[in-house]
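The values are calculated or read from the model by the stated rules, or taken from the named source; none is laboratory data. The structure displayed is predicted, hence computed values, not measured ones. Positions of Cβ are generated from backbone atoms using ideal geometry, with glycine treated the same way; all protein chains shown enter the neighbour counts. Note: accessible area is taken over every heavy atom of the protein model, side chains too, but ligands, DNA and RNA are not part of it. Shrake-Rupley method; radii C 1.70, N 1.55, O 1.52, S 1.80 Å.
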Amino acid sequence: EVQLVESGGGLVQPGGSLRLSCAASGFSFVDYAMSWVRQAPGKGLEWVSTVAYDGGSTVSADSVKGRFTIFRENAKNTVYLQMNSLKPEDTAVYYCNGLARGVVAGPWGQGTQVTVSS
């Protein structure tokens, strides 16, 4: 059974930081690029960032570039999203998943809520 368990969200003030974690199991983690996406209230899914299967390259959306960093620890089957200089518009539920050969690794998890507010 594929499992994707996001954690690390919470309430933070503007300008603050959070580190999200995504613990993966049930598939060959090392063979998948991993991504973070988010969904704000009343909005569709928005792609945030992706890291290559070996952690050697990353790409991020313009809206988070320079503030968020994606990285992975393959030995732990975990991908992270370090979020700095958070803004209210970053408020959303954050999800992770893998992608290889055009196919996602499995069903989406519950996500983790990030709320940025004074």
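When the dipole is taken about the Cα centre of the chain, and only Lys, Arg (+1) and Asp, Glu (-1) are charged at their Cβ, what size is it in debye, to the nearest 20?
180
Modelling each spin label as a point 7 Å along the Cα-to-Cβ direction, I'd like the N84/E1 distance in nm, to one decimal.
Distance between the two pseudo-spin positions: 3.9 nm.
Normalising by the residue count of the chain, find the relative contact order in percent from Cα pairs under 8 Å and 6+ residues apart.
Working: 287 pairs, mean separation 43.4, N = 118.
Rounded, it is 37 percent for the chain.
Using 7 Å Cα-to-Cβ label points, what is the L99/V30 separation (nm, one decimal)?
Between L99 and V30, the label points sit 2.3 nm apart.
Before I look further, what does the chain give for accessible area per residue, probe 1.4 Å, in whole square angstrom?
Result: 52 Å² of accessible area for each residue.
Of the accessible area of the chain, with the probe set at 1.4 angstrom, what percent is carbon plus sulfur?
In the chain, the share of accessible area belonging to carbon and sulfur is 51 percent.
Ranked by accessible surface with a 1.4 Å probe, highest first, in what order do E6, E46, E1 come?
E1, E46, E6
What length, rounded to one decimal in nm, is gained on full extension from L45 through to K65, with 0.36 nm per residue of separation minus their alpha-carbon distance?
5.4 nm
Return one quarter of the surface area of the convex hull spanned by the alpha-carbon atoms of the stretch 35-118, equal to its mean projected area, in nm².
6.2
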